[in-house]
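Let me begin by presenting the structure, written as structure tokens, before commenting on it.
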There are 2 protein chains.
Amino acid sequence: MPPAVMPKEEVLRILAREFRIWGYDGATLSRLSQATGLVKASLYHHFPKGKQDMAQAVLDYTLTQMAEQVLAPLRKPVAVDWLVKELCVNLAAFYNNGQLSCLVDVFSMGSAKAVVGDQLKTGLALLQSEIAALLVRGGFNETTAQTRAEHTLVVIQGGLIVARACDKPEVFLNQLNALPHQLLAPVT
Amino acid sequence: MPPAVMPKEEVLRILAREFRIWGYDGATLSRLSQATGLVKASLYHHFPKGKQDMAQAVLDYTLTQMAEQVLAPLRKPVAVDWLVKELCVNLAAFYNNGQLSCLVDVFSMGSAKAVVGDQLKTGLALLQSEIAALLVRGGFNETTAQTRAEHTLVVIQGGLIVARACDKPEVFLNQLNALPHQLLAPVT
DNA sequence: GTCTATACACCGATAGAC
DNA sequence: GTCTATCGGTGTATAGAC
């Protein structure tokens, strides 16, 4: 009987989890091998350039997931107020209620930055512009929309960091709860 | 002539810089050795348990610096509004205008968490309680003060992450600029 | 307190069988 | 597509001279 073939998407999910826990430099091939159940040589079959390829593929996969699960819903023809709240719900789910580190954090540090830094910048910019577009739809001017979208990114990242450092995922959820009010408040 | 003795504080400053750039797992002894100008054996003289001791000492040193440069000024007998603004100025200086990663981020990931995680939690809790105390002095109730202090931590961490990921330190400064208004807004 | 020299485990990476 | 086996390099850590 030939060895079971692991679906690539499952491999990517596991790799993503490891990178989020250990960071790029801390995620050794041994750990990645053990976590996936594939020996190092098998990983190199899927990712010829090793960890660099893995990080790129993981980031690619995760950005796609984000686009599908968090960004796409924002384009629905529904009241903006409602969509902002849905955004927060989807963000909570995406980060497993504050229990997952974000790749924006993990991949902007140490050796990872040279490997996937540009890809990361693009992804972040897209996220910001999509949120800003939503706020423009909600009647805010471009400047306000951009500022508040940027603040949203900050709150997501900061919420996840503080939640992780304190072992209190609620911190992230609290921030998400407060977000709609901040995003939708009238300009003074 | 005996080799020049490097002051321990200078060593700690350099180690802190390396940990902030590379993270705990990415900061190898070779890098730390090169950055300090001390060979590995010399580092082990100062820090018998190696990287673990270095991380603890660096965190200790940095928390002290934070207490002196950011927290102590908050106790001055001056208007709270003024102190909140001074807090933001001092935070900007402490993080070199958004160009430095925070150890809260760096040391809550990967192997570092097992080494200095508890120390980190204590430091974060202190920072939050000092900011909350300031807001209580400003007339806010305990709950509001705690919530806003937590939000402050979130904005600091998030601002630094986004600034780092985008290579735009301004993001952090923008967040600090907006902070006094958020902290001092009347409760609705 | 700093150095040279060294030990040995683990890292990333590759060759080649099935 | 997965495996076993192996390589050179680097990682952490220590012994001992000055």
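Just so it is clear, none of the values below were taken in a lab; they were calculated from the coordinates. The shown structure was predicted, so the numbers you read here are calculated from the model rather than taken from an experiment. Note: ideal-geometry Cβ built from the backbone for every residue, glycine included; neighbour counts use all protein chains shown.
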The stretch A:83-108 residues that are in contact (Cβ under 8 Å) with a residue 40 or more places away in the chain, paired with ones that are of a type in the set (S, T, Y) (beta carbon under 7 Å, 6 or more apart) | A:C102/A:Y95; A:L103/A:T62; A:V106/A:Y24; A:F107/A:Y24
Would the stretch A:90-99 turn up any residue that is at positive phi and surrounded by 16 or more Cβ atoms within 10 Å (Cβ to Cβ)?
-> yes
For the stretch A:138-172, what are the residues that are among the acidic types (D, E) and within 7 Å of chain B (Cβ to nearest Cβ)?
-> A:E150
Among the residues of the stretch A:56-66, is there at least one that is out of contact with any His (no Cβ under 8 Å at 6 or more places or on another chain), over 22 Å from B:I161 (Cβ atoms), more than 14 Å from chain B (Cβ to nearest Cβ) and not hydrophobic (A, V, I, L, M, F, W, C)?
-> no
Exclusive hit being surrounded by 14 or more Cβ atoms within 10 Å (Cβ to Cβ) and among the small types (G, A, S), set B:G26, B:G37 = B:G26
All positions within the stretch B:9-49 that are touching a residue at least 24 places away in the same chain (Cβ under 8 Å) and over 21 Å from B:V106 (Cβ atoms) = B:G37, B:L38
Matching residues, the stretch B:124-139, being in a loop (DSSP other than H, G, I, E, B) and surrounded by 14 or more Cβ atoms within 10 Å (Cβ to Cβ) | B:G138
Condition broken by B:P77, with the remaining ones in (1) surrounded by fewer than 22 Cβ atoms within 10 Å (Cβ to Cβ); (2) part of a helix (DSSP H, G or I); (3) not small (G, A, S) satisfied = (2)
Checked A:K85, A:K113, A:K121 against criteria (basic (K, R), part of a helix (DSSP H, G or I) and more than 10 Å from chain B (Cβ to nearest Cβ)); the one match is A:K85
Which one of these is closer than 30 Å to B:V84 by Cβ, more than 10 Å from DNA strand C (Cβ to nearest atom) and not acidic (D, E): B:A67, B:A57?
-> B:A67
Give me a count of the residues in the stretch A:50-66 that are free of Cβ contacts under 8 Å to residues at least 12 places away in the same chain and more than 16 Å from the chain's Cα centre (by Cα).
-> 1
